[in-house]
């Protein structure tokens with residue numbers, strides 16, 4: 001056994017013990033030599049992880065994108081944190097609360113791929129991105145560029161800022177099946193004018209799962225003097241990347257999604273030289289304009305959620321970023337490859353492997369998305385969410401690491417049946 005392997009194995013075993021998951025840590029040890037690509041297809045491996053989840057037997061859950069609920073080891077740690085905070089009360093709040101939050105934010109920055117001095121823990125993506133949108137020094141006539149496929153809460157904030165300051169929003173539409181990265185970059189580039197101040201873009205479009213070429217968009221925008229705000233709600237802890245490699249100015253994400261943190265946690269990255277120019281959501285006592293902590297005043301909040309972030313990171317690290325991404329991509333391709341060529345079925349997610357991971361969207365000709373979602377649940381016991389706007393008409397399908405191919409076979413059979421009866 002070489003030193004590097006020993007240290008890696010020891011680290012995994014240590015994380016497993018800390019979470020009370022010795023058996024799972026040993027399960028990873030048994031499969032240590034299996035490549036992630038191969039492991040992605042090995043159902044018995046993932047069924048062991050499935051045992052960590054308490055699942056409702058009434059339906060197959062294919063709507064994990066809204067909230068990736070906690071595996072039981074993380075949930076038990078979370079409950080322990082709640083009890084501990086309740087025991088300590090004001091003592092905890094007045095002593096180690098902020099030291100713990102700073103330490104956990106640094107651990108979060110490590111997996112995000114940025115400096116701890118550029119990242120804060122927020123409550124969700126909406127808070128993170130809206131702080132940047134509303135925190136700009138807008139002047140009448142300034143312009144912002146975004147897409148109609150962006151998340152509604154952020155589009156609403158842009159509308160509010162426009163109403164208040166007289167800035168102008170320019171909205172493009174991202175095609176579901178782009179021919180190339182250059183097509184996407186060109187769409188954003190054509191919307192930029194000398195008055196453009198900010199460009200917002202999804203790393204992974206929430207309604208289709210399409211992954212956009214963020215680095216290329218950022219490089220293009222910066223050449224034109226435009227800052228870039230990235231919505232990473234569905235990319236973080238789903239696909240592998242480093243924020244520092246994206247060349248963006250701002251990046252926000254929700255931790256209750258693919259990192260499986262309890263509800264009420266998000267993150268915000270602000271490039272160091274941009275911190276001083278942003279107006280915070282709430283005023284803070286920090287007077288150094290260059291410290292990101294001045295953007296992080298929240299008042300009293302459920303601090304046990306912050307503590308659970310560390311446990312969720314340990315669970316994510318034990319599974320492994322590469323293993324998780326490849327499993328998520330395998331699950332998506334497993335079912336989409338079976339239905340793409342069936343008459344009447346429309347997959348609204350790109351087929352090209354680099355353009356999607358675990359999320360996809362599917363519709364059936366002649367069936368409204370809302371009806372499709374209703375029938376999937378009532379007739380086949382499959383829970384999804386209907387999407388019917390911005391050139392996307394279908395149901396968003398978001399499996400998780402506990403999802404089995406047997407469940408996806410049930411889903412494929414249901415789609416096939418409905419497509420045949422609808423034609």
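Just so it is clear, none of the values below were taken in a lab; they were calculated from the coordinates. Only a predicted model underlies this, so the values are computations on that prediction, with no experimental measurement involved. A quick note on method: Cβ atoms are made from the backbone with ideal geometry, for glycine too, and the neighbour counts reach across all protein chains shown.
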Placing each pseudo-label 7 Å from Cα in the direction of the beta carbon, residue 38 and residue 420 end up separated by a distance in nanometres of 3.7
Would you mind checking the radius of gyration and Dmax of the stretch 323-422 based on alpha-carbon positions, in Å? 12.6, 38
Run through the DSSP bridge list for the stretch 129-219 and note the antiparallel percent, rounded to the nearest 5. 10
Would you list the P(r) distribution for the stretch 51-167, with all Cα-Cα distances sorted into 10 Å bins from 0 and each bin expressed as a whole %? 10, 24, 29, 25, 11, 1
By its C-alpha gyration tensor, with a ≥ b ≥ c as the square roots of the eigenvalues, how is the chain shaped: rounded for a/c under 1.5, else prolate for a/b larger than b/c, else oblate? oblate
Please report Rg over Rh for the stretch 290-373, where both radii come from the alpha carbon positions and Rh follows the Kirkwood definition. 1.19
Taking alpha-carbon centroids only, the stretch 222-290 lies from the stretch 30-97 a number of Å equal to 24
Just to be sure I understand the model, the point goes 7 Å from the Cα along the line to the Cβ. What's the resulting residue 76 to residue 240 distance in nm? 3.0
Exposure proxy check on 154, 41: fewest-to-most Cβ neighbours within 10 Å is 41, 154
The alpha-carbon center of the stretch 164-181 and that of the stretch 358-423 are separated, in whole Å, by 27
Gyration tensor verdict on the stretch 160-240 (Cα atoms; rounded if a/c is under 1.5, prolate if a/b is larger than b/c, oblate otherwise): prolate
Among DSSP bridges having both ends in the stretch 88-313, what percentage is antiparallel? Round to the nearest 5. 40
Here the percent of antiparallel bridges among DSSP beta bridges lying wholly in the chain, to the nearest 5, is 55
Regarding the stretch 88-313, what's the average projected area of the Cα-atom convex hull, expressed in nm²? 12.0
